[in-house]
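Q: Have a look at this one.
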Amino acid sequence: MDKLLVVAAAVSLAAFAQVDCSSATARTVSRTQILGFDWQNCGQPDAPAVLKTLTLSPDPITIPGDLRASASGSTSVELSAPLSLNVTLEKEVAGFWVKVPCLEELGSCHYADACDILNQLIPPGQDCPEPLHTYGLPCRCPFKAGSYSLPQSDFYLPHMDLPSWLTNGNYRVQGVLGVQGRELGCLKVALSLHSD
């Protein structure tokens with residue numbers, strides 16, 4: 001899967017929360033629902049990295065719970081470190097969109113190298129998680145130029161602890177991937193969060 005797909009799927013679903021599986025059994029696990037998930041490319045028409053399709057079900061997506069996803073995308077250039085990632089997170093408050101500041105590496109943040117983020121999630125030398133491994137899709141930099149496709153696949157989304165400042169509501173996220181000041185791709189995601 002190309003860098004934009006990894007960032008789109010992983011960041012749009014998990015960037016809102018810090019995964020904490022170790023202590024989920026020691027307390028009552030709250031349930032979070034993601035409703036009305038929608039996405040679109042926001043880069044230039046000739047952007048090197050684009051997400052072509054992304055399908056997620058069910059709607060709402062329940063965390064913890066099962067997710068079925070398929071995706072396809074392409075990059076006309078090799079995506080290698082350092083890849084900057086600028087994320088803008090907005091929350092709807094009283095009918096206005098308010099930018100959420102960068103707090104503890106979450107929110108509207110600049111990440112100097114998205115490849116480092118992937119290396120933290122999946123350390124070098126470790127096999128890519130399923131189903132990426134089965135389909136021969138890479139999960140860390142570099143990503144060669146080409147087209148990538150993830151057939152419809154099932155995932156389990158573990159419990160996520162939402163920060164106290166990330167509460168129920170409507171959110172918009174924009175991620176811009178770049179290298180040396182050049183924009184490689186842009187993705188916008190809209191969704192609503194509801195936690196028990």
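Q: Could you sort the peptides 73-84, 158-169, 50-61, 116-127 by per-residue average Cβ neighbour count (10 Å cutoff), highest mean leading?
A: Values: 73-84: 18.1, 158-169: 14.4, 50-61: 15.9, 116-127: 12.9.
Packing order, densest peptide first, comes out as 73-84, 50-61, 158-169, 116-127.
Q: Right, next: On a C-alpha basis, how far is the centre of region 84-130 from the centre of region 145-191 in Å? Whole number, if you could?
A: Between the Cα centres of region 84-130 and region 145-191 lies a distance of 8 Å.
Q: May I ask you to compute the full-extension gain from Thr62 to Val93, defined as 0.36 nm times their residue separation minus their alpha-carbon distance, rounded to one decimal in nm?
A: 8.8 nm
Q: Still on this model: Have a look at the DSSP beta bridges in region 75-156 and tell me what percent are antiparallel, nearest 5.
A: 90 percent
Q: Using the heavy atoms of the protein chains and a 1.4 angstrom probe, tell me the accessible area per residue for the chain in square angstrom.
A: Spelled out: the 1.4 Å probe surface of the chain, per residue, equals 51 Å².
Q: I would also like to ask the following. What's the magnitude of the charge dipole for region 31-169 around its Cα centre, counting Lys and Arg as +1 and Asp and Glu as -1 at the beta-carbon? Answer in Debye, nearest 20.
A: In debye, rounded to 20, region 31-169 gives about 180.
Q: Rounded to the nearest 0.05, what FRET efficiency do Tyr135 and Val77 give with R0 = 25 Å and r taken as the Cβ-Cβ distance? Could you check?
A: 0.70
Q: So, with +1 on the Cβ of K and R and -1 on the Cβ of D and E, and no other charges, what is the size of the charge dipole of region 95-164 about its Cα centre, to the nearest 20 debye?
A: 280 debye
Q: Considering only protein heavy atoms and a probe of 1.4 Å, how much of the accessible area of the chain is carbon and sulfur, as a whole percent? All intermediate terms of the calculation are to be shown ahead of the outcome.
A: Working: 5350 of 10060 Å².
Percent of accessible area from carbon and sulfur atoms in the chain: 53.
Q: To continue, here is another question. Among Leu67, Leu103, Leu85, whose mean-square fluctuation peaks in a Gaussian network model of the chain (Cα, cutoff 10 Å)?
A: Ranking Leu67, Leu103, Leu85 by mean-square fluctuation puts Leu103 first.
Q: How big is the accessible area of Phe155 in square angstrom, nearest 10, if you roll a 1.4 angstrom probe over the protein chains?
A: 60 Å²
Q: Here is a further query. Once you have a ≥ b ≥ c as the square roots of the Cα gyration tensor eigenvalues for region 117-187, tell me rounded if a/c is under 1.5, and otherwise prolate or oblate according to whether a/b is larger than b/c. Each step should come with its number before you reach the end.
A: On the way: a/c = 1.75, a/b = 1.19, b/c = 1.47.
Oblate, since a/c reaches 1.5 and b/c is not below a/b.
Q: Another question, then. Can you tell me the length gained on complete extension of the stretch Arg31 to Gln120, counting 0.36 nm per residue apart and subtracting the Cα distance?
A: 29.5 nm
Q: Which of the aspartates and glutamates could be linked to Lys52 by a straight reach, that is with a Cα gap under 12 Å, when you skip same-chain ones fewer than 8 residues away?
A: Correct list for Lys52: Asp2.
Q: Give the relative contact order (percent, whole number) for the chain; include only Cα pairs under 8 Å separated by 6+ residues.
A: 36 percent
Q: For Glu104 and Ser153, calculate 0.36 nm times their separation in residues minus their Cα-Cα distance, and state this gained length in nm to one decimal. If you can, show how the numbers build up before the last one.
A: Numbers: separation 49, 0.36 × 49 = 17.64 nm, distance 3.16 nm.
Roughly 14.5 nm would be gained on extension.
The values are calculated or read from the model by the stated rules, or taken from the named source; none is laboratory data. Since the structure is predicted, the reported quantities are computational estimates derived from the model, not experimental observations. All Cβ positions, even for glycine, are placed from backbone atoms using ideal geometry, and neighbour counts span all protein chains on display. In case anyone asks, the SASA skips ligands and DNA or RNA and just uses the protein heavy atoms, side chains included. Shrake-Rupley method; radii C 1.70, N 1.55, O 1.52, S 1.80 Å.
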